[in-house]
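First up is the structure itself, then whatever we jot down about it.
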Amino acid sequence: MPWKGEKNPYYIWLSEIILQQTRVEQGLPYFLRFKEKYPTVKHLANAKEDEVMRLWQGLGYYSRARNLHETAKNVQQNFKGKFPETFDELKKLKGVGDYTAAAISSFAFGEKKAVVDGNVIRVLARVFGIETGFDTTEGKKQFAALAQQLIDEKNPAAYNQAIMDFGGVVCSPKNPKCDECPFNKICVAKVKDLIAVLPYREKRTKITERYFNYLIIKSKKEIFIQKRTGNDIWKNLYELPLIETPKPLKKNIKEAIGKFLGTKNFSMVSGAKEISQMLSHRKIHFRFIEIELKNFDSFKLNNSKKIKLKALARLAFPKTIHLVLHENSLL
Ligand code: SF4
């Protein structure tokens, strides 16, 4: 991994933010692209938000991109472009939690601060047989305290890297390599046959379902789009005009569109494209309906604007919308 052994706090921070809730294979190309386009925190701080969101497009959890940009500006303006060096100071930065602050402070500045990520939790829960839910307040405290107790005082960075790698490579979630593991005689999970149930999660997240019906309203040269500004998923990304419904829009589609547009002066070109996407605890059901407006050139739509088709490529869209625009040769 290009961030292994990295001492530059900017690159460590960048990689950690990108890798939150993201698999390494997915995050790696994004890290390389960000590093190339914004080689220093100053470059990122001076970038336009639309450009940052565009580069982040497809990675999901977009609040990370907004926080990334805001924190870069903060570090540049208030810390003269230098990251704070301690765990406590780093935690004050937006989007930087315990894990990222510990990673930066130990890897870049050698602070004796243990990182606690999913890999670390798994190793500790199994070796020590901890049955407290890792997603509870008590569990979080317990894992953090144990990790801190175990840290190598002389080389905290190597210790942190080693335990994370150990969890990723040897003590993996499924089929851990217990036969080759140096702890296999003392590991409580191995000895008591608890590997399948540890680490233990207490709460189950309820999945909510949302129904997004998007309208593709375009001419040969222009298309209607809007920016998501509310405190909701995909804030500051662009999308097509949206009719969100509490249930699938099966019957009376034309009526619903007519009400949304405030006109009956349109025809439906197609409305069959349906896709679902899981977003942590939400399932989004997309429906893309292409319509033809008779008076496209003079038509105005609340909260939406017409832009040139060739300008679409400069804007950031949620992954599924980007895919559909691409399939329709609009991107
Ligand atoms: S013995 Fe198996 S479960 Fe226990 S720490 Fe080693 S790899 Fe993980």
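The values are calculated or read from the model by the stated rules, or taken from the named source; none is laboratory data. Quantities reported herein were computed from a predicted structural model and do not represent experimental measurements. Cβ sites come from the backbone with ideal geometry, for glycine too, and all protein chains shown count toward neighbours. Each accessible area value is taken on the protein alone, full model and side chains, heavy atoms only, with ligands, DNA and RNA left out. Shrake-Rupley method; radii C 1.70, N 1.55, O 1.52, S 1.80 Å.
If I ask for residues that are open to solvent by 30 Å² or more (accessible area, probe 1.4 Å) and of a type in the set (A, V, I, L, M), which ones from the range 296-331 would you list? Spell out the reasoning first.
We begin by selecting, within the range 296-331, every residue open to solvent by 30 Å² or more (accessible area, probe 1.4 Å); these are 297-298, 300, 302-303, 305-306, 308-310, 313-314, 319, 322-323, 326-329, 331.
The answer is Leu309, Ala313, Leu323, Leu331.
Would you check which residues across the range 152-163 are among the polar types (S, T, N, Q) and open to solvent by 10 Å² or more (accessible area, probe 1.4 Å) and list them? Lay out the reasoning, then the answer.
Here is the first cut: in the range 152-163, the residues among the polar types (S, T, N, Q) are 155, 160-161.
Answer for the range 152-163, where residues must be among the polar types (S, T, N, Q) and open to solvent by 10 Å² or more (accessible area, probe 1.4 Å): Asn155, Gln161.
Could you check the range 1-37 and list, in sequence order, the residues that are among the aliphatic types (A, V, I, L, M) and under 20 Å from Thr86 (Cβ atoms)? Give the steps one after another, and end with the answer.
Filtering the range 1-37 down to residues among the aliphatic types (A, V, I, L, M) leaves 1, 12, 14, 17-19, 24, 28, 32.
Correct list: Ile12, Leu14, Ile17.
Collect the residues in the range 87-143 that are out of contact with any helix residue (DSSP H, G or I) (no Cβ under 8 Å at 6 or more places or on another chain) and β-branched (Val, Ile, Thr), keeping them in residue-number order.
Thr136, Thr137 - these are the residues of the range 87-143 that are out of contact with any helix residue (DSSP H, G or I) (no Cβ under 8 Å at 6 or more places or on another chain) and β-branched (Val, Ile, Thr).
What pairs come out if I take residues in the range 162-188 that are in the same structural domain as Arg23 (by TED's automatic domain parsing) and without any contact (Cβ under 8 Å) to a residue 12 or more places away in the chain and pair them with residues that are assigned to a loop (DSSP other than H, G, I, E, B) and within 10 Å of the ligand (Cβ to nearest atom) whose C-beta lies under 8 Å away, six or more apart or interchain?
none
Please state which of the following conditions Asn155 fails to meet, knowing it meets all the rest: (1) more than 8 Å from the ligand (Cβ to nearest atom); (2) within 28 Å of the chain's Cα centre (by Cα).
(2)
Can you tell me which residue among Val52, Val96, Val75 is in contact with a His (Cβ under 6 Å, 6 or more places away or on another chain), of a type in the set (A, V, I, L, M) and not assigned by TED's automatic domain parsing to the domain that holds Lys177? Explain how you work it out, then say what you get.
Working: Val96 fails: in contact with a His (Cβ under 6 Å, 6 or more places away or on another chain); Val75 fails: in contact with a His (Cβ under 6 Å, 6 or more places away or on another chain).
Testing whether each residue is in contact with a His (Cβ under 6 Å, 6 or more places away or on another chain), of a type in the set (A, V, I, L, M) and not assigned by TED's automatic domain parsing to the domain that holds Lys177 leaves just Val52.
If you take the residues of the range 162-210 that are polar (S, T, N, Q) and more than 9 Å from the ligand (Cβ to nearest atom), which of them is nearest to Lys4 (Cα to Cα)?
First, the residues of the range 162-210 that are polar (S, T, N, Q): 172, 175, 184, 205, 208.
Remaining after also requiring more than 9 Å from the ligand (Cβ to nearest atom): 175, 205, 208.
On the way: Asn175: 25, Thr205: 33, Thr208: 38 Å.
This residue is Asn175.
Residues of the range 202-261 being of a type in the set (A, V, I, L, M, F, W, C), over 26 Å from Val52 (Cβ atoms) and part of a strand (DSSP E or B), which ones? Reasoning before the result, please.
Kept after step one, since they are of a type in the set (A, V, I, L, M, F, W, C), are these residues of the range 202-261: 207, 212, 215-217, 223-225, 233-234, 237, 240, 242-243, 249, 253, 256-257, 260-261.
Checking the rest, the ones that are also over 26 Å from Val52 (Cβ atoms) come to 207, 215-217, 243, 249, 253, 256-257, 260-261.
Result: Leu215, Ile216, Ile217, Ile243.
How many residues, within the range 2-27, are open to solvent by 40 Å² or more (accessible area, probe 1.4 Å), closer than 17 Å to Thr100 by Cα and in a helix (DSSP H, G or I)?
Counting residues in the range 2-27 that are open to solvent by 40 Å² or more (accessible area, probe 1.4 Å), closer than 17 Å to Thr100 by Cα and in a helix (DSSP H, G or I) gives 1.
Could you please give the count of residues in the range 46-78 that are assigned to a loop (DSSP other than H, G, I, E, B), surrounded by 14 or more Cβ atoms within 10 Å (Cβ to Cβ) and free of Cβ contacts under 8 Å to residues at least 40 places away in the same chain? Give the steps one after another, and end with the answer.
Our first condition is that a residue be assigned to a loop (DSSP other than H, G, I, E, B); within the range 46-78, this holds for 46-48, 57-62.
Those still in the list that are surrounded by 14 or more Cβ atoms within 10 Å (Cβ to Cβ) too: 47, 57-62.
Next, only the ones that are free of Cβ contacts under 8 Å to residues at least 40 places away in the same chain stay: 47.
Residues in the range 46-78 being assigned to a loop (DSSP other than H, G, I, E, B), surrounded by 14 or more Cβ atoms within 10 Å (Cβ to Cβ) and free of Cβ contacts under 8 Å to residues at least 40 places away in the same chain: 1 in total.
Are any residues in the range 180-209 in contact with a strand residue (DSSP E or B) (Cβ under 7 Å, 6 or more places away or on another chain) and either surrounded by 16 or more Cβ atoms within 10 Å (Cβ to Cβ) or of a type in the set (Asp, Glu) (or both), and if so, which ones? Please lay out each step first, then the result.
First, the residues of the range 180-209 that are in contact with a strand residue (DSSP E or B) (Cβ under 7 Å, 6 or more places away or on another chain): 207-209.
The answer is Glu209, and nothing else.
Report every pair of residues separated by at least 6 positions or lying on different chains whose Cβ atoms are under 8 Å apart, first residue within the range 214-235 and closer than 12 Å to Ser63 by Cα, second open to solvent by less than 20 Å² (accessible area, probe 1.4 Å) and among the aromatic types (Phe, Trp, Tyr).
From the range 214-235, the pairs are Ile233/Tyr62; Trp234/Tyr62; Lys235/Tyr62.
As an exercise: evaluate Thr245 against (1) out of contact with any strand residue (DSSP E or B) (no Cβ under 6 Å at 6 or more places or on another chain); (2) surrounded by fewer than 17 Cβ atoms within 10 Å (Cβ to Cβ); (3) under 28 Å from Gly58 (Cβ atoms) and give the number of the one condition it does not meet.
Unmet condition: (1).
Every residue, every condition in (1) open to solvent by 50 Å² or more (accessible area, probe 1.4 Å); (2) under 21 Å from Pro176 (Cβ atoms), yes or no:
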| residue | (1), (2) |
| --- | --- |
| Gly97 | no, no |
| Thr100 | no, no |
| Lys113 | yes, no |
| Val127 | no, yes |
| Glu131 | yes, yes |
| Glu138 | yes, no |
| Leu150 | yes, yes |
